[in-house]
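A quick write-up on the structure given underneath.
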Amino acid sequence: MPLRLRKHDHSPILDPEPLVPAKRRWRMAFTVIYFSRLLLSLSKKVLYEQTKLLRSLSYVAIQVDDDNPSRDHASLVNIDQNTLSRMLKEKNHHSLNQLGGLMQVAAILQSDVKKGVSGSEADLAHRRDVFGANKYKKPPAKKFLSYVLEALKDTTIIILLACAILSLAFGIKQHGPKDGWYDGGSIIVAIFLVVVISAVSNFKQSRQFLKLSDESSDIRVQVVRDGRHQNISIFDVVVGDLVSLKIGDQIPADGLFSDGYSLKVDESSMTGESDHVEVNGATNPFLLSGTKVTDGFGFMLVTSVGMNTAWGEMMSSISRNLDEQTPLQARLNKLTSYIGKVGLAVAILVLAVLTIRYFTGNTRDDHGRPEYNGSKTKVNDVLNSVVDIIAAAVTIVVVAIPEGLPLAVTLTLAYSMKQMMADNALVRKLSACETMGSATTICTDKTGTLTMNQMQVSEFWLGKELTEHSVSTEIEPEFSLLLEEGIALNTAATVNKPHPTSTPEISGSPTEKAILSWAVLDLGLNIYETKQKCEIMNVETFNSEKKRSGVMMRKSNEQAIHTHWKGGAEMILAMCTTYYVKSGELIDINEEERMQFRAIIHSMAAKSLRCIAFAHKKVIEENRLISEKLEETGFTLLGLVGLKDPCRPGVRTAVESCKKAKVSVKMITGDNPHTARAIAIECGILNPQDDMDNKAVVEGVEFRNYSPEERMARIEDIRVMARSSPFDKLLMVQCLKEKGHVVAVTGDGTNDAPALKEADIGLSMGIQGTEVAKESSDIIILDDNFTSVVTVLRWGRCVYNNIQKFIQFQLTVNVAALVINFVAAISSGKVPLTAVQLLWVNLIMDTMGALALATEQPTDELMTKSPAGRSEPLITKIMWRNLIAQALYQLVVLLILQFKGKYIFAVDEKVKSTLIFNTFVLCQVFNEFNARKLEKRNIFKGIHKNKLFLAIIGITIVLQVMMVELLKRFASTERLSWEQWGACIGIAAVSWPIGFAVKCIPVSGKEASKQRASGI
C-alpha cells in the first residue's frame, strides 16, 4: 500500500492509520527501510520513468504489493480530500508540487492520465462513497404549509375570516351552538376550500418547476474510462475521471489540466473577471467547476466533486427563482389591480347604501317588516345585520378581484411546459412560453436543425479529378500518408477500437466523425500509429469565426516542420499555390486553375454538399526557431471532400406551417452560398426561382458591410445568410428587432451566445449545443429538430390564446356579479347572492375555470393567424364584443329574476334567491363553452380531446346540485323542483345561441380581416 511521510507542517496527505494486519505492517516497514538507501541512489530520470515509484518534494513513496485485495479501496479512503479541494480553490502551485504534480495525483487517485479510471460499477460506487457524488445540496423547498399561509395572508380572506368569526360568535349566542354556527361556519368552510385549492395548485406548480429545473441542470459530459470515451450525466462524474473538454463545455468538477491545446476558460462565473484565462500544464493547470471553455480542447483529471468544489458551495446557497414573473403576468397584475379598484369602489358604495338603508328602517325581512326599529331592536340583531352587510361588501370585493388570472397564467405555463417537454423542448425561462406565441421571425441554423446532422463523405476530389473507387488504391503511398497525417492530427475527435476485429467507435462533431470514418474505412487510417510517429508542436482549434483548424507537427525521424490546415474549401484554396494529382506530382495553381477549382466547389455545393479542403506545407527547420503562429500561405492542396447531410423529414412541412402562420424563416449558416441556397430550396425556405441576384441570399461579409440604412431596407428580403459569423447573426437579430419583429433564434455554438441573449426567444440545441449556448437560451430543443421549433411556436400561441379565453370568461362573471349586487343593494337593500354563494362562484370561475380553459391543446387554427406582435392589446375588440354580449344577457336575466321572479315562478323570497344563484352559476357553466373559441362559431370542435375540460364541467354541475339540493343550510338555498331546474338550465343555455349570433357581428380593422380569413 502507498505510505506517506508527513510534511514539515505535520499535515498528513494520507491517514497513517494501519490498514493491514500487524505482521504485514512489520514486513512492509522492513521492506521500506531496506530499499530506502537504494532509492536515494536512483537517478532523477529513473524516478520519473518508473511507474511504481512516486516522488514529491517532501516525501518519498513506494508501492509495495501485499496481496491484499482491499488495498485499492483502503488507499482511497485515506486520501485527504480537503487538501485536494483547497489546492484547486486557491490554485496553489506549491501544494501541487508537494503532491508530486499531475502524475503523482493521478496515481494517488488510482487513475490514469490516458485511460482514466477503470469504470467498473464497484469502483465508481466506492469513489462516490469516499469523495461524494457530483451534486450540491439545495436549499430546502417551500413546504405546503407555507403556501397555505401565503393564501391566508390575502387581505380579503383576512377580512372575510374576521366577518366569519363575528358571525359565528353572534349566531351561536343568538341561536345556540346547534343552529347558530351555520352562517359563520359556511363562510369558514368556503374560505377553507378557496385557500386549500389555491395552495395545492401553487404547491404542485412549484414542484413541477423544480423538476424541470433539475432536468435543465442535467448536462452531458464526455469522459474516458478504461480507455473508452463515454457520454455520461454530469451527476455521474467521479473523482479520478478523465474528462474531455471542447469549446462551449461547462467544466463539470474541479480538476487538473492533463493534456490539450490552446485551452482557454471563462472564469467570470467564479471570479467575476471577464478576461479568458489560458490553462496549461506549466503555468496554470487548475480548472474550476462551473466555468466555461471558450477556446481549444483538452482533458482534465477530476480531483474534487460536488460540495467539495467552490461551485458546489456557491450553488448550495442559492436557488433558481421559481417566482419569475413573465411579461404577460406583469400585464395581468396591472389588469387585476385595476379591476380590484373598481370592485372596491362598488363594495364601499354597497356597504354605504346597505348601512344607510338598514339604519333608516328601509331594509325589510322576509315577512316585510323593517329589520331595524331603533331602540326596540336587540344589540345582537343589529350586530348580526352589520356583520352580514360587511360580509356582503367584502365578498363583492372577493368576486371583483380576478384572482384567477395569475392562477390561470401559472396553470397554462406549467401545463404547456410539461407538454413541451414531451415534445422535445425544455423551457428554461417561463417568459419564453408566451413570447414565442408572438414571434414574427425565426432565424435558424442549418446543420443539425434543418438537416439530420448525419454526415457522410460522398465525394473526394484529388486535384481536379473525382475519385470513383477506393481512394487508397488510386493515390501514391506518400501522398496517402500526408492525407492521413492531416486527418489524424488535425482533429478534436477520437477513435476507439477495443479489439482489432471490432468496429471503430468515433466520437466528435458530425463533420469530424464523417471525415474520420471515411479515413479509417477507406484510407485504412490507424490514428494511434500516426500520432505516435509525430510530435504536435502547435494547434489552432476550429471555431465558427475562423471556419478552419490547423496543426503544426514534426515527424519523429525528421527535422522538418509540417503544417496541416483543414476547413472551408474556398478559404483553404486561397492559402494554396500548388496541388497534388494522382501520380503524386505537384502542379502550380494559376488563375485559370483556381477558377476551375472554384467551379468544382460550386458544383459540389449545388448538390447540397459541405465542401472541406485539406492543405499541407513542409518547412525545413532552421536554427531551431519555431514560429508560434501557423503559416497561412504557400500551401499545397491535398484534396477536397464533399459531405452530404440530408434534410430532416418533416422540415419542409414545418417551414410551410410557419409561412401560413405569417412567420418568416431565415436560414443563417457558415456554409458557402451555393450549398446554403440548395439546402434552403430543399427545405422550402427559398423558391427555385429565387436566385443570387434578388438579394434573398447574401454572404455574411456583404451584410456586415452594408450601411445601417441599407441593412434596414434589405433585411425583410434576406432569407438566407451564408458564410456568416456569430457577429453577423447578432447584427441580423438587432436589425429585425429594430424593425419591430419579435425574433426567435436557434444556436448551438459558444459564439452564438450573444445572438441567443439578444433575441426575444433564444433556442439552443440539446444534442450539438454547447453548455454556453444552452445557458444563454430560453428554451432547449432536445432533438435539434426544426420541427420542434415549430411545435414551440404552436404552444406559445396556445398559451397566449388560453389566457385570452380565461380573461374573457372571468371578466364576464365579474361584470355580471358586480352589477347585479350593486343594483339589488341600492334598490332593495339586500344582495341576492350571499357571501357563501359568491365565494362558490369565485371558486368556480377562478380555479375550475382556469383549469378548464388553461389546458386547451394547440390547434391547427392557431397556425393560420398572424402573430400578435409587440403592440396588440391583451383584451382585443373581439373579446370585448363577446364579453359585453354575454354580460348584458346575464344582467337582464338576473335583474328580471330579482324584481319579478317571485311573480313569474310564484315562489317565496328564499326560492327566488336560489333561482338567481342557480341560474347565475349555470350561465357561467354554459359560458365556459363559449370561451373555448374566441372567434369560431363552432364551440364544440375538438372538445372530446380535452377530457379535463369535460371532467371539470361535470364536477361543477354535480357540486352545484349538491349546493342547491343537499347543502341548504350551508349555502342558504332551497330545494328546487324539476320544472325550476329546467327553467334555470333553459335560461342559461340561451347563452349558446347568443354567442353564435354575436360572432357574426364584424369588428373593425385588422381583427375583422383576421376573423374573416379564419372562417367558422
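The values are calculated or read from the model by the stated rules, or taken from the named source; none is laboratory data. Bear in mind that the values here come from a model prediction, so they are computed numbers and not experimental data. Cβ: placed from backbone, ideal geometry, glycine included. Neighbour counts: every protein chain shown. Please note that ligands, DNA and RNA were not included when accessible areas were found on the heavy atoms of the full protein model with its side chains. Shrake-Rupley method; radii C 1.70, N 1.55, O 1.52, S 1.80 Å.
Asn785 falls short on exactly one of the conditions (1) in contact with a helix residue (DSSP H, G or I) (Cβ under 7 Å, 6 or more places away or on another chain); (2) under 22 Å from Pro649 (Cβ atoms); (3) polar (S, T, N, Q), and that condition is (1). The combined condition, being part of a helix (DSSP H, G or I), without any contact (Cβ under 8 Å) to a residue 60 or more places away in the chain and not β-branched (Val, Ile, Thr), is not fulfilled by Leu124. Do the conditions hold for Asp752, that is, is it crowded, with 24+ Cβ neighbours inside 10 Å, within 23 Å of Gly508 (Cβ to Cβ) and in contact with a Ser or Thr (Cβ under 7 Å, 6 or more places away or on another chain)? No, not satisfied. Screening Phe920 on (1) closer than 14 Å to Ala988 by Cα; (2) within 41 Å of the chain's Cα centre (by Cα); (3) open to solvent by less than 20 Å² (accessible area, probe 1.4 Å) shows it passes everything except condition (2). Would you say Val655 is buried (at least 18 other Cβ atoms within 10 Å of the Cβ) and either of a type in the set (Lys, Arg) or touching a Gly at 6+ places or on another chain (Cβ under 6 Å) (or both)? Considered against the rule, which asks whether it is buried (at least 18 other Cβ atoms within 10 Å of the Cβ) and either of a type in the set (Lys, Arg) or touching a Gly at 6+ places or on another chain (Cβ under 6 Å) (or both), Val655 comes out as yes. A single member of Val790, Val772 is over 30 Å from Ala931 (Cα atoms) and in contact (Cβ under 8 Å) with a residue 12 or more places away in the chain, and it is Val772. Sort out for me the strands (runs of 3 or more DSSP E) sitting completely within segment 515-622 that have 3 or more residues that are of a type in the set (A, V, I, L, M), touching a strand residue (DSSP E or B) at 6+ places or on another chain (Cβ under 9 Å) and closer than 30 Å to Ile668 by Cα. Fully inside segment 515-622 and qualifying: 609-619.
Among the residues of segment 964-976, are any open to solvent by 50 Å² or more (accessible area, probe 1.4 Å), modelled with pLDDT of 90 or more, part of a helix (DSSP H, G or I) and out of contact with any Asp or Glu (no Cβ under 8 Å at 6 or more places or on another chain)? Looking for residues that are open to solvent by 50 Å² or more (accessible area, probe 1.4 Å), modelled with pLDDT of 90 or more, part of a helix (DSSP H, G or I) and out of contact with any Asp or Glu (no Cβ under 8 Å at 6 or more places or on another chain), one finds none in segment 964-976, hence no.
Determine if segment 299-317 includes at least one residue that is surrounded by fewer than 22 Cβ atoms within 10 Å (Cβ to Cβ), in a strand (DSSP E or B) and touching a helix residue (DSSP H, G or I) at 6+ places or on another chain (Cβ under 6 Å). Checking segment 299-317: not a single residue is surrounded by fewer than 22 Cβ atoms within 10 Å (Cβ to Cβ), in a strand (DSSP E or B) and touching a helix residue (DSSP H, G or I) at 6+ places or on another chain (Cβ under 6 Å).
Only a single criterion out of (1) of a type outside the set (Ser, Thr, Tyr); (2) touching a Pro at 6+ places or on another chain (Cβ under 8 Å); (3) at pLDDT below 90; (4) buried (at least 22 other Cβ atoms within 10 Å of the Cβ) is not satisfied by Leu256, namely (3). The conditions of being at pLDDT 80 or above, in a helix (DSSP H, G or I), of a type in the set (Ser, Thr, Tyr) and open to solvent by less than 10 Å² (accessible area, probe 1.4 Å) are met by Thr812.
Within this structure, Thr834 passes the test of being surrounded by fewer than 24 Cβ atoms within 10 Å (Cβ to Cβ), over 16 Å from the mean Cα position of the chain (by Cα) and on the phi < 0 side of the Ramachandran plot. Of everything listed in (1) among the charged types (D, E, K, R); (2) farther than 28 Å from Lys513 by Cα; (3) open to solvent by 40 Å² or more (accessible area, probe 1.4 Å), the single unmet condition for Glu621 is (3).
With the checklist (1) over 27 Å from Gly766 (Cα atoms); (2) open to solvent by 20 Å² or more (accessible area, probe 1.4 Å) in hand, flag the one item Pro285 doesn't pass. So the condition that Pro285 fails would be (2). Which one is farthest from the chain's Cα centre (by Cα), of the residues in segment 229-258 that are of a type outside the set (A, V, I, L, M, F, W, C) and within 18 Å of Asp112 (Cβ to Cβ)? Ranking the qualifying residues of segment 229-258, first place goes to Ser258. Scanning segment 931-963 for residues being open to solvent by 20 Å² or more (accessible area, probe 1.4 Å) and either within 21 Å of Thr919 (Cα to Cα) or aliphatic (A, V, I, L, M) (or both) gives a total of 11.
Taking the criterion of being within 19 Å of Ala106 (Cβ to Cβ) and in contact with a helix residue (DSSP H, G or I) (Cβ under 6 Å, 6 or more places away or on another chain), the residues of segment 207-239 that qualify are Val221, Val238, Val239.
With respect to the conditions (1) part of a helix (DSSP H, G or I); (2) closer than 27 Å to Glu872 by Cα, Lys666 lacks only one, and its number is (1).
Restricting the search to segment 563-602, which residues are open to solvent by less than 50 Å² (accessible area, probe 1.4 Å) and of a type outside the set (A, V, I, L, M, F, W, C)? Scanning segment 563-602 gives Thr563, His564, Lys566, Gly567, Gly568, Thr578, Tyr579, Tyr580, Gly584, Glu593, Arg594. Of all residues in segment 699-732, those satisfying the criterion of being buried (at least 24 other Cβ atoms within 10 Å of the Cβ) and either of a type outside the set (A, V, I, L, M, F, W, C) or out of contact with any Ser or Thr (no Cβ under 9 Å at 6 or more places or on another chain) (or both) are Ser724, Lys729.
Among Ile807, Ile844, Ile875, Ile803, which is the only one that is open to solvent by 10 Å² or more (accessible area, probe 1.4 Å) and of a type in the set (Val, Ile, Thr)?
Being open to solvent by 10 Å² or more (accessible area, probe 1.4 Å) and of a type in the set (Val, Ile, Thr) holds for just one of Ile807, Ile844, Ile875, Ile803, which is Ile875.
Among residues of segment 858-882 that are outside any helix (DSSP H, G or I) and modelled with pLDDT under 85, none has a beta-carbon under 9 Å from a residue that is among the β-branched types (Val, Ile, Thr) and open to solvent by 30 Å² or more (accessible area, probe 1.4 Å) at least six positions away or on a different chain. Selection within segment 755-768: residues that are of a type outside the set (A, V, I, L, M) and open to solvent by 10 Å² or more (accessible area, probe 1.4 Å). The member of this set that is farthest from Thr435 (Cα to Cα) is Gln768. Right, Thr441: at pLDDT 85 or above and either over 22 Å from the mean Cα position of the chain (by Cα) or open to solvent by less than 10 Å² (accessible area, probe 1.4 Å) (or both) or not? When the stated conditions are applied, Thr441 passes them. Cβ-Cβ distances below 9 Å connect the following pairs, each with a first residue in segment 981-993 that is more than 15 Å from Leu915 (Cβ to Cβ), a second residue that is outside any helix (DSSP H, G or I) and open to solvent by less than 40 Å² (accessible area, probe 1.4 Å), and a separation of six or more residues or different chains: Trp992/Ile939.
Is there a residue being on the phi > 0 side of the Ramachandran plot and under 36 Å from the mean Cα position of the chain (by Cα) anywhere in segment 520-540? Among the residues of segment 520-540, not one is on the phi > 0 side of the Ramachandran plot and under 36 Å from the mean Cα position of the chain (by Cα), which makes the answer no.
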